Amino acid sequence: MNGLPEVKDDKTLENSFLGETTQVCLVTRDYRKVMKNMVIAGIGPWCVYTFGPDNVTDLTYHGQPGSCSWKLCLASSGTMMWEIIQPLSGPNIYEDFLEKHGEGIHHVAINCNNIDWGVRVAEFEKRGFKMVQSGRWEGKVPFAYFETEDEPVITFETFIFPEGFEMPVPEEWYPAPPPES
């Protein structure tokens, strides 16, 4: 034994807890421009929300109570959820990323094999990933971002949509709402 995790099967290490990647997020200063380009690529329609003090509780930023707002846009392509975030106000990890790296892929979200919220958070921290922002959307959907302090720099997000949760009506759709089912 060399101290490295064993290979569980041809795709998984025995110490894996991340599960499936469910979302890729792009951070930008112009969410409308990015939505337009993604629609050209065939990803959409996009639903747009504003996240902030009116609908996000328990917000933290680097371990301290936070207060910020951002536009959040969602679309799906197959089983992948795409997200676009544009920071609007207050200190937040999205603005930090833009200042340091410019626009681009900010994080990936993973489902952590659907394990309990507390176990997820503890597992990230046990493995050396630092929680840099967290909160609860609509009082029901916990989310948290974890990043490495060393190379490679990567940010993981995890969130849980509780059973029976229905997405709120978006502020807008782009290019148009999906057909009624």
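Values in this text are rule-based calculations from the coordinates and carry no lab data. No experiment lies behind these values; they were computed from the predicted model shown. All Cβ positions, glycine included, derive from the backbone under ideal geometry; neighbour counts span all protein chains shown.
Overall, the chain carries a charge dipole of about 320 debye about its Cα centre when +1 sits on the Cβ of Lys and Arg and -1 on the Cβ of Asp and Glu, all other atoms neutral. One quarter of the surface of the convex hull around the alpha-carbon atoms of the chain equals 12.3 nm², the direction-averaged projected area.
Here the Gaussian network model covers the chain, with springs between Cα atoms less than 10 Å apart; of SER134, SER16, SER67, SER16 fluctuates the most.
Take 28-40, 156-168 and order them by the average number of nearby Cβ atoms within 10 Å per residue, most first; the result is 28-40, 156-168. What do you get for the angle between helix 117-126 and the principal long axis of the chain? Use alpha-carbon atoms, 0 to 90 degrees, nearest ten. The angle comes out at about 60 degrees. The slack between PHE161 and THR22, meaning 0.36 nm per residue of separation minus the straight C-alpha distance, is 48.8 nm. The order of GLU172, GLU149, going from fewest to most other C-beta atoms within 10 Å of their C-beta, is GLU149, GLU172.
Based on DSSP H segments of at least four residues, each scored -39500 (n - 2.57), the chain has a per-residue ellipticity at 222 nm of -4500 deg cm²/dmol. Selection among HIS107, GLY52, TYR174 by position relative to the dipole of the chain gives TYR174 as farthest towards the positive end (Cβ unit charges, Cα centre). Checking the a/c ratio against 1.5 first, then a/b against b/c, what shape does the Cα gyration tensor give for the range 58-154? Rounded, since a/c falls under 1.5.
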